[in-house]
Amino acid sequence: MLRLWASLYKNLLLLTRDRAGLLVLFLMPSVLVLVVTLVQNNVLEATGGSGLKVLLADEDRGAIGEAIRERLAATETFQLIDSRAGQPLTIEQARHEVATGKVPFGILLPQGSSANLGSASKELAANALGGETTTTPESVQLEFVYDPTIQQLFRVAVTNAVQLALFDLETRQKSRDLAGRLNAVMMLRGGMFSPGSGINQQALQEAIGTPLLPLTSGAAFAGEVPAMPNAVQQNVPAWSLFGMFFIVVPLSGIIIRERQDGTLLRLLTQPGTYGGLLFGKVLAFSMVCMVQFTLMLLVGVTLLPWLGTPSLEVADKLGPAYVLALCAAFAACGYGLLLGTLSRTYEQGSMFGSVSVVIAAALGGIMVPIFAMPRFMQTLSHISPLNWGLNGFYALFVRGGSWAEAAPWMLALLGFAAATSGLAWLIFTTRRQVGN
């Protein structure tokens with residue numbers, strides 16, 4: 001029993017001496033719970049109660065646009081945007097914003113849509129009542145476009161709301177025209193109308209069941225349309241990036257161990273600079289990241305299709321994808337260097353490193369789409385390096401982009417790598433000069 005109490009006292013004493021480690025131990029899980037809960041809660045609301053941004057390019061300026069506005073405004077699920085800088089959105093402008101990922105959804109109403117709906121509805125009424133022979137009315141072509149990175153769950157939520165608005169408008173238009181046509185026929189017959197007289201029963205059924213406002217939906221692309229995006233193209237690069245950033249845990253651990261066991265002092269006695277030692281670590285661990293990325297690509301190309309999913313299409317994107325992955329590896333290693341330099345103990349580094357990567361992944365859109373987050377978290381997502389890498393991979397694998405589309409994200413990752421590595425070198429140099 002005495003040994004038990006002695007062991008308990010010793011371990012509690014060791015824990016209290018590592019105050020920074022205790023702070024990380026209690027603070028980081030709290031931050032993780034806060035971030036992930038906010039993100040996931042907003043996703044649940046986004047499918048039934050929070051503002052998803054939807055563009056409305058209404059070049060028609062008629063009843064269809066008004067019906068969509070009324071329907072979407074009646075719920076807090078959507079935030080409808082129909083103008084920019086006080087000017088109504090055009091179809092091309094809305095399509096471009098959706099294709100480039102600025103807004104996830106867009107509804108495109110061409111000019112004359114409402115007038116065409118009225119004409120088509122009147123033709124159906126004329127076919128059904130009065131026995132007139134007319135041509136079959138053409139349906140009004142409306143288009144719903146979405147960012148190719150958007151998951152099907154959110155696409156269905158928006159599409160259903162728009163289709164309900166269109167169905168309600170179409171039903172009211174048909175009812176009004178059929179009633180007007182029926183009244184006109186009755187007036188011609190002196191107010192008398194025998195059952196079945198002058199009514200084309202088949203045409204009446206067709207008039208009621210014929211959709212006049214079908215909604216065509218599809219992904220919006222800024223350039224050449226690639227193969228239809230799928231879950232493999234979205235998830236393989238995203239989770240590869242997530243896994244690569246966990247290199248910060250072993251990398252920071254090695255730096256801490258070298259400092260604690262005296263290996264670092266022996267290395268510093270050799271010719272060269274501390275910057276050279278850091279760069280050697282970056283190269284070694286970046287090679288590990290690239291092997292990891294290659295294995296994940298092989299899973300997407302070979303294993304997942306064997307399990308029944310589509311194959312990851314990488315043929316003409318392999319070059320920029322590997323360069324982007326290398327930039328992400330440099331960024332992860334730079335963060336690992338900084339973490340290892342700042343952390344006093346291995347426990348601090350491993351705990352803070354792993355939890356911070358999960359938080360960065362949650363903020364960066366790896367776990368939940370950016371547009372489904374609360375607005376202030378959407379702003380925070382822009383500072384997550386995992387978000388930069390994810391946007392680069394989406395530009396290549398999902399939006400059908402090339403070097404030009406991925407280059408800004410490559411540069412952002414390289415800038416992060418340079419900043420964190422430089423800061424790690426500066427902190428180490430300053431501590432050494434002051435003897436800490």
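The values are calculated or read from the model by the stated rules, or taken from the named source; none is laboratory data. Since this is a predicted model, take the numbers as computed values, not measurements. Positions of Cβ are generated from backbone atoms using ideal geometry, with glycine treated the same way; all protein chains shown enter the neighbour counts.
Among the residues examined, Leu307 does not qualify as assigned by TED's automatic domain parsing to the domain that holds Trp425, hydrophobic (A, V, I, L, M, F, W, C) and closer than 27 Å to Gln433 by Cα. If only residues of the stretch 213-222 that are closer than 29 Å to Ala361 by Cα and surrounded by fewer than 22 Cβ atoms within 10 Å (Cβ to Cβ) are counted, the one that is modelled with the lowest pLDDT is Ala222. In this structure, Leu303 does not qualify as over 24 Å from Ala231 (Cβ atoms), free of Cβ contacts under 8 Å to residues at least 40 places away in the same chain and in a helix (DSSP H, G or I). So, in the stretch 339-348, exactly how many residues are over 8 Å from Ile256 (Cα atoms) and more than 29 Å from the chain's Cα centre (by Cα)? Adding up the residues that qualify gives 3.
Per-residue answers, yes or no, for (1) crowded, with 22+ Cβ neighbours inside 10 Å; (2) not in a helix (DSSP H, G or I):
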residue: Gly340; (1), (2): yes, no
residue: Arg344; (1), (2): no, yes
residue: Ser356; (1), (2): no, no
residue: Ala361; (1), (2): yes, no
residue: Met367; (1), (2): no, yes
residue: Phe376; (1), (2): no, no
residue: Leu380; (1), (2): no, no
